[in-house]
Amino acid sequence: MARLRSFQRLAAHFVDIADFLLVYIEEAHPSDGWVSSDAAYSIPKHQCLQDRLRAAQLMREGAPDCPLAVDTMDNASSAAYGAYFERLYIIQEEKVMYQGGRGPEGYKISELRSWLDHYKTRLQSPSTVVIQV
């Protein structure tokens with residue numbers, strides 16, 4: 001949940017230059033599977049989309065201002081983006097501009113912030129136009 005709050009703060013800071021989306025994928029540490037000793041919630045493995053939608057509501061509570069999507073039961077989004085367990089991406093004009101490492105170790109909000117800071121600086125700096133006569 002701490003990572004989720006950091007993500008929400010980042011989204012609020014860069015709301016003027018980017019749209020943010022959370023995608024809830026399959027549960028990494030289901031209570032009836034590979035249980036994490038520091039899990040904040042007891043969420044069993046999703047048996048159907050309704051289970052996944054209910055679990056996703058916990059994510060919504062952690063970041064109420066961010067739009068939330070839920071992966072399909074065949075985990076299409078997770079497979080397409082290699083997101084299992086968690087991952088950060090920047091997609092611009094249908095192109096991956098930033099791909100963070102796989103979480104939890106590779107989940108580095110500081111890298112995402114750095115990329116967005118650099119992008120914002122480029123947007124704010126005047127463009128140089130060369131005219132040849």
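Quick one: which residues, 5+ away or cross-chain, put their amide H under 5 Å from the amide H of Ile91? H built at 1.01 Å from N.
Residues meeting the criterion, in which the H sits 1.01 Å from N, are Met97.
In degrees between 0 and 90, to the nearest 10, how far off the longest principal axis of the chain does helix 49-62 point, with axes built from Cα atoms?
Orientation of helix 49-62: about 60 degrees from the principal axis.
What would the Debye formula give as log10 I(q)/I(0) at q = 0.10, 0.15, 0.18 Å⁻¹ for the alpha-carbon point model of the chain, no solvent?
Listed by q, the Debye log ratios stand at -0.39, -0.78, -1.08.
Binned at 5 Å from 0, what are the whole-percent values of the Cα-Cα distance distribution for the stretch 30-103, short to long?
3, 13, 18, 26, 24, 11, 5, 1, 0
Given springs between every Cα pair under 10 Å in a Gaussian network model of the chain, which of Ile17, Ile43, Ile109 has the largest fluctuation?
With Cα springs under 10 Å in the chain, the top fluctuation among Ile17, Ile43, Ile109 is at Ile17.
Report in % the part of the accessible area of the stretch 1-124 that belongs to carbon and sulfur, leaving out ligands and nucleic acids; probe 1.4 Å.
Reported share for carbon and sulfur atoms: 51 percent.
What accessible area per residue, rounded to a whole number of Å², is obtained for the stretch 1-124 using a probe radius of 1.4 Å?
Per residue, the stretch 1-124 has an accessible area of 64 Å².
Does anyone have the angle between helix 109-124 and the longest principal axis of the chain? Alpha-carbon axes, 0 to 90°, nearest 10?
That helix lies at roughly 30 degrees to the long axis.
Packing-wise, with mean Cβ within 10 Å as the measure, how do 56-66, 20-30 rank, highest first?
20-30, 56-66
The values are calculated or read from the model by the stated rules, or taken from the named source; none is laboratory data. Bear in mind that the values here come from a model prediction, so they are computed numbers and not experimental data. Heads up, the Cβs are rebuilt from the backbone with ideal geometry, glycines too, and the neighbour counts pull from every protein chain shown. Ligands, DNA and RNA are excluded from the accessible area calculation, which covers all protein heavy atoms including side chains. Shrake-Rupley method; radii C 1.70, N 1.55, O 1.52, S 1.80 Å.
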